[in-house]
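Chemist: After the structure tokens below, expect a handful of questions from me.
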Amino acid sequence: MFRRAAALPLLVLLAACNALPAGRAPERVPSGPISRPATPPEPTREARRCLAELAENQTRFTVQPDAYYGAGCSTINTVRIEGLSGDAANIAVTNLGAVTCPLAQTFAGWARYGVDRAARQILGSSLIRIETMGSYSCRNVAGTGRRSAHARAEAIDVAAFVLADGRRISVLEDWNAGDAEEREFLRTVQRSACKRFGTVLGPDYNAAHANHFHLEEGSGSFCR
């Protein structure tokens, strides 16, 4: 049986990802859920299938209760990832809150097949940790009135990768300034993400993404 835990919405992202136009006041973010069913509804067949596949793929996680925060913000059918499985070792994930189960499934596949394998092939060492800047955040896309995918726990911001040999490959520090292998690694994992996620944004998109990859679940295909 999957463990259930209180939702821990993660509302902290770096300023670059939360940039607002000059003179615009920060948005008021609800501090807690406005509504949460007293008796949680049974998961749908699709949700149960997703959770079962996560477990089969050896992703370690806890199921989060559905919560509605108002103003278009919610965490529905979400889990909290506690660890991922690589080919040779477990992969830790830092600073990650609630993510939808489909996003967790896509992220787990990318971490193992897109990142861990690229790390061993290009850098000669396996992946042991992915450092993120968070997932759920009740906010708009910067400079617009449209809700971000983060407001529905459908996006993850990835900042860096730590290898078994102790190296830390950072999007901010190594996208342009890393050695040739580090730059190749980062571009390879971004291309791999573009094949799996609906929207992928990185340093070449704009200055707000200079320090992370934005990975968003969806049916689209936007890669920059």
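We did not get these values from a lab; they are worked out from the coordinates using the rules stated. Not measured: the values here are computed from a predicted model. Cβ placement follows ideal geometry from the backbone for every residue including glycine, while neighbour counts extend to all protein chains displayed.
Chemist: Whole-Hz ³J(HN,Hα) for each residue in the range 218-224, computed from phi via Karplus 6.51 cos²θ - 1.76 cosθ + 1.60 with θ = phi - 60°, x for glycine and proline: what do you get?
Modeler: Couplings: x, 8, x, 8, 10, 10, 9 Hz.
Chemist: Continuing with this model, one more query. Taking the mean number of other Cβ atoms within 10 Å as a proxy for protection, how do you rank 214-223, 173-182 from highest to lowest?
Modeler: The most tightly packed comes first, giving 214-223, 173-182.
Chemist: Compute the signed sum of charges (Lys and Arg +1, Asp and Glu -1) over the other residues within less than 14 Å, Cβ to Cβ, of ALA89.
Modeler: +2
Chemist: Given R₀ = 22 Å, what would the calculated FRET efficiency be for ALA207 paired with ALA71, taking r from the Cβ atoms and rounding to 0.05?
Modeler: For R0 = 22 Å, the calculated efficiency reads 0.20.
Chemist: Where in the range 198-212 is the amide nitrogen less than 13 Å from a point lying 7 Å along the Cα-to-Cβ axis of ASN176?
Modeler: Residues passing the 13 Å test: 203-211.
Chemist: Would you kindly calculate the mean projected area, averaged across all directions, of the convex hull enclosing the Cα atoms of the range 176-224, in square nanometres?
Modeler: 3.2
Chemist: Separate question: Which peptide among 199-208, 134-143, 72-81 comes first, and what is the full order, when sorted by highest mean count of other Cβ atoms within 10 Å?
Modeler: 72-81, 134-143, 199-208
Chemist: Mind listing the phi-derived Karplus ³J(HN,Hα) values for the range 118-130, rounded to whole Hz, using 6.51, -1.76 and 1.60 with θ = phi - 60°, and x for any glycine or proline?
Modeler: Running phi through 6.51 cos²θ - 1.76 cosθ + 1.60 with θ = phi - 60° gives 5, 4, 6, 6, 8, 9, x, 8, 7, 7, 10, 7, 10 Hz.
Chemist: Taking only the C-alpha atoms, wrap a convex hull around the range 126-224 and report its volume per residue in Å³ as a whole number.
Modeler: Taking only Cα atoms, the range 126-224 has a hull volume of 96 Å³ per residue.
Chemist: So for the range 69-149, considering every pair of alpha-carbon atoms, how many percent are separated by more than 17 Å?
Modeler: 53
Chemist: While we're here: Arranged from highest to lowest average of other beta-carbon atoms within 10 Å per residue, in what order do the peptides 155-161, 84-90, 111-117 appear?
Modeler: Highest mean packing first, the order is 155-161, 111-117, 84-90.
Chemist: Which residues among the range 90-120 fall inside the zone where the amide N is under 13 Å from a point 7 Å beyond the Cα of ARG196, along Cα→Cβ?
Modeler: Residues 91, 102-119 qualify, since their backbone N sits under 13 Å from the label point.
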